[in-house]
Structures are given as C-alpha cells and as structure tokens.
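Read the structure below first, then the notes.
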C-alpha cells in the first residue's frame, strides 16, 4: 500500500487523541529515540506512548483511517537488531513501555499475565514480594528489558523455560482494524493462534500470559571447559543427546574464549591494543595456574529433585570426560570462593584477584539461571568502546542442527570473514532444543569512526549472505536485513493472506520480518 499521508493532519489528530506528554514529534527527545547501535538513520513521523489497551485500539483505528503506518515496540532495547528503529521510513513508533501492569498471577497454575512495558526486574521483584514458589526465565538482555518484547522476537533464556516461544499461553492482540483478540490458552478447540504473532506484524500485543517454573528442590550450575577447539562439535552433540533424554532441561550456552573474556573482563585492562584478539590469546589472558579456561566453555544448569540432579551430574561427567573438565556450583560453593578471595592479605595476590573476578561473573550467571535478571552481559557489550554512545553492534544468528559436521562447516565459513575484515569473533552457540542450536556472532565496533563502521557493515552483509547461502537460516533478523528475508513461495503467499485478513489496511509494521500486504 502507499504510505502517503498528511503529516500535519496526523499530528493534529494524534494531539487530539493523546496528551502532550504522550507524544514526541521533534527535538532532542526524538533524536534520542532514533539513537541506535547500527549507526543508521530513519525518518519517522514521531513517537506515541499509549498507556492502555483502549488507547492502542483508538490509535489503530485512527491510523487505519489516515493510512499512517505504525511500528510498535515494547521498550526498544533491541540492541544489535535495530534498537527502536522501524524497518522503513515514515512510520510512527508506538512505544508501549508505559503499559507496565502485571494483570494477573495464578499461584496454583504458575501463570502470570503481563503488559509489554513489564521488565525482567519488575517480574522478579513481583514474584519475590509474593514469596511465590516460582522462578521466571531470565535472559542476558538486562534488568530493564521487556519480557514480551524479547519473547515476540523469538528470544531465549537459560532455564527449562528458555525456549520462550513455548511459554506463550495467551495473547491479547489489537488487530489492524482495532478489534481486540485473545488467542486463548491452548490446548483448546481449533488452531493455536499465539504463534502467529511471534516475529510478525499481524497485530499489536498488549498483554501476554506465560508460564513460570516451580522452584526446584535441587539446583546446580555447571561450567565445561573443552580442552581442544576440535572437540566443540562433539560437545554440542553430547549435550544434545542428554537434552533429548531429559537429563538436561535448560538451554546450555557454549561460548568461545573471546566471548568468555568479553563477558568477564574489561578491554582496557586486558587487551588495550589495536590488534585483533584471537581465541588463542583470550585463552592465555583468562588462564592462570589452577584456573584454566578452554577455547570453548559451556555454561548451563540442572534442575529437579536431588536424585534427578545427581543423576544428571553423573551423566554429564561421563559425557564430557574425554573432551574437557566440568565443575558444578551451588550457592554455598560460590559464596565460599568469594569469601576466601576477600581475606585480607590474599585479596591483592594476582591469582586470587583472577579467581575473584571469575567468581563474581560466575555468581551473576549462576543467579541468572535461577531467574534473577542482571546487567553484566549488556554492560560488557561495550568491550571496545569507552562510551555507550559510541557502541556499534550487529548480531548475526544462524540456526543449525547440533551435529559436529554442521558446526565445523559453519565455523569454516564464518572465521575467514572476521579475519578478512579485521574484527574479533565472539561466538555463543545455544542448544535451544535437542534438534536445534543457535549461533550468535557479534560484530562490535565504534559507530562514530566512519572507516570502522564501514568495515563492520561490510562484514555484516558478507556474513549474512554467507550463512544464508549455505543453508543456515537465521533465527532472528535486524531491521536493516528484513527486506532480504526470502520465504518459500507457498509460505510467503500464506503470510500475505494472513496479513491481509488481520491487518487489512497494512498499517502495522510494514516490512517487519519481510511481511508486506
């Protein structure tokens, strides 16, 4: 559809519908909204901050009348994928962060109903205030990130509820004509509609019901250090088989040493150099006597009864004994390590400092796997820049089967490209399901250095094409690449039909995930 509309009329009509403090059309506040880790520009109509479902419905009806395209976001913390930016110019950003109600909590079924502005920290604090016998799933996206926003992007966490797509029980959706739809808790009669609204543009989600996890009677986190790089594929295969048998229920994350270093240390104190940090160099920096780090390091957790956790520990030990070392941690063990590292006279010793640094990072991740949100992963994302306003970041996230040959093939394709363009290659491979893994490649750069930004963009586009052309379908996509998504013809046709039925005027997020009317 044509996106021609009268801007002055839109402003006038929006100003009649919303208070002044709910609208931004120009000035520094608008510039702040448009700041992004891509270093690209968008021309937008403005920003509106609805505070209720009714206001969203009124806005959608007005937008349909005016042919005004809308781009809804939950809180806009979509770093590495476009932040708050819409896919195309000329859209009105609909920021739902002021919708912060936790509408319902069912302590019997372990179900909670949230609005889009609810953050990870808000839900965690809510459950703690209720002394709830449940944990939430937490991601590394930070305490202030939206739970709904991450879930609708197809995000994943760490716990047995880590595949967040599976935890959606019911959605409240404003469709393109202003109709309010509840998808309904499934199983029930008819199709499960909730999945239609993940990574799509068929409506604006104003509430979501999701499941929580009963607090287990036993919990242990683990770290696996693979001794040799070529053992990575075997490790992923072994974890996949354990997950298939139900001995691992959470989402293990396997990172290379560069990723481990970036998560635990600061650039200025470790690698204050213009040279590219190799994985081998990262291993040397991180490793100390009695404190070894491998070229690949897996992080995960075990949940269940004491007997179940004990069985899983034994099976994990057997599975990895010829690949590397495994350590298990509980709250008492981590507390003891931190206590020893703080003893006067020891705290200044180099090895003890390194032990404490690693233990502090491990504690944050250990708690994260218990549903306690933290900011460490997002704080450390600024590894090569001193100021947040310099942060440039692209994510490329291909999917794969957890088979050794697949992982080796992916690395053989991607490694030369990072070297060619002169960037570190931090990688995490997360085992979402026994049959599916996701690799997350990070390209970090200073977006205010033009030459560096251009090199990063060149790497991003070449990397995107390389993984897609070799059969590694992306799990998630940034706004600058959504026009490149190519669905199978019959799937594209079905998506067009659904879009036309649910958003007849085509006003909601045109172009998002490659779906247009």
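The values are calculated or read from the model by the stated rules, or taken from the named source; none is laboratory data. What you see is a predicted model; the values in this text were computed from it and never measured. Heads up, the Cβs are rebuilt from the backbone with ideal geometry, glycines too, and the neighbour counts pull from every protein chain shown.
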Conditions (1) at pLDDT below 85; (2) at positive phi -> residue 358 fails only (2)
Need the failing condition index for residue 362 against (1) surrounded by 19 or more Cβ atoms within 10 Å (Cβ to Cβ); (2) in a loop (DSSP other than H, G, I, E, B), just the number. (2)
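Please determine whether any residue of the range 71-82 is part of a loop (DSSP other than H, G, I, E, B), in contact with a strand residue (DSSP E or B) (Cβ under 9 Å, 6 or more places away or on another chain), more than 26 Å from residue 121 (Cα to Cα) and outside the structural domain of residue 130 (by TED's automatic domain parsing). Don't jump to the end; show me each part of the working.
Going through the range 71-82, the residues part of a loop (DSSP other than H, G, I, E, B) turn out to be 74-82.
Filter once more, keeping what is in contact with a strand residue (DSSP E or B) (Cβ under 9 Å, 6 or more places away or on another chain): 74-77, 79-81.
Then keep just the ones that are more than 26 Å from residue 121 (Cα to Cα); that gives none.
No, the conditions are met nowhere in the range 71-82.
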Just to check your reading of the model, which residue among 118, 112 is outside the structural domain of residue 49 (by TED's automatic domain parsing) and closer than 25 Å to residue 18 by Cα? 118
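What number of residues within the range 487-503 are outside any helix (DSSP H, G or I) and either surrounded by 14 or more Cβ atoms within 10 Å (Cβ to Cβ) or in the same structural domain as residue 194 (by TED's automatic domain parsing) (or both)? Spell out the reasoning first.
Residues of the range 487-503 that are outside any helix (DSSP H, G or I), as a first pass: 487-488, 503.
Filter again for either surrounded by 14 or more Cβ atoms within 10 Å (Cβ to Cβ) or in the same structural domain as residue 194 (by TED's automatic domain parsing) (or both), leaving 487, 503.
Count: 2.
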Note on the range 434-467: residues under 20 Å from the mean Cα position of the chain (by Cα) and either free of Cβ contacts under 8 Å to residues at least 40 places away in the same chain or more than 30 Å from residue 248 (Cα to Cα) (or both) are 436, 443, 444, 445, 460, 463, 464
Among the residues in the range 405-415, are any within 24 Å of residue 164 (Cα to Cα), touching a residue at least 40 places away in the same chain (Cβ under 8 Å) and within 25 Å of the chain's Cα centre (by Cα)? yes
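For (1) modelled with pLDDT under 95; (2) over 16 Å from residue 423 (Cβ atoms); (3) outside any strand (DSSP E or B); (4) touching a helix residue (DSSP H, G or I) at 6+ places or on another chain (Cβ under 8 Å), each residue gets a yes or a no:
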residue: 224; (1), (2), (3), (4): no, yes, no, yes
residue: 235; (1), (2), (3), (4): no, yes, yes, yes
residue: 240; (1), (2), (3), (4): no, yes, yes, no
residue: 243; (1), (2), (3), (4): no, yes, yes, no
residue: 248; (1), (2), (3), (4): no, yes, yes, yes
residue: 262; (1), (2), (3), (4): yes, no, yes, yes
residue: 269; (1), (2), (3), (4): yes, yes, yes, no
Pick from the range 246-270, criterion surrounded by fewer than 22 Cβ atoms within 10 Å (Cβ to Cβ) and without any contact (Cβ under 8 Å) to a residue 60 or more places away in the chain, ranking: nearest to the chain's Cα centre (by Cα): 246
Going through (1) surrounded by 17 or more Cβ atoms within 10 Å (Cβ to Cβ); (2) modelled with pLDDT of 95 or more; (3) not in a loop (DSSP other than H, G, I, E, B) one by one, residue 370 fails only at (3)
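Tell me, yes or no, whether the range 167-174 has at least one residue that is under 20 Å from residue 213 (Cα atoms), assigned to a loop (DSSP other than H, G, I, E, B) and touching a helix residue (DSSP H, G or I) at 6+ places or on another chain (Cβ under 9 Å).
Kept after step one, since they are under 20 Å from residue 213 (Cα atoms), are these residues of the range 167-174: 167-171.
When the remaining residues are screened for being assigned to a loop (DSSP other than H, G, I, E, B), the result is none.
Taking every residue of the range 167-174 in turn, none turns out to be under 20 Å from residue 213 (Cα atoms), assigned to a loop (DSSP other than H, G, I, E, B) and touching a helix residue (DSSP H, G or I) at 6+ places or on another chain (Cβ under 9 Å).
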Confirm whether residue 385 is part of a loop (DSSP other than H, G, I, E, B), surrounded by 15 or more Cβ atoms within 10 Å (Cβ to Cβ) and within 23 Å of the chain's Cα centre (by Cα). yes
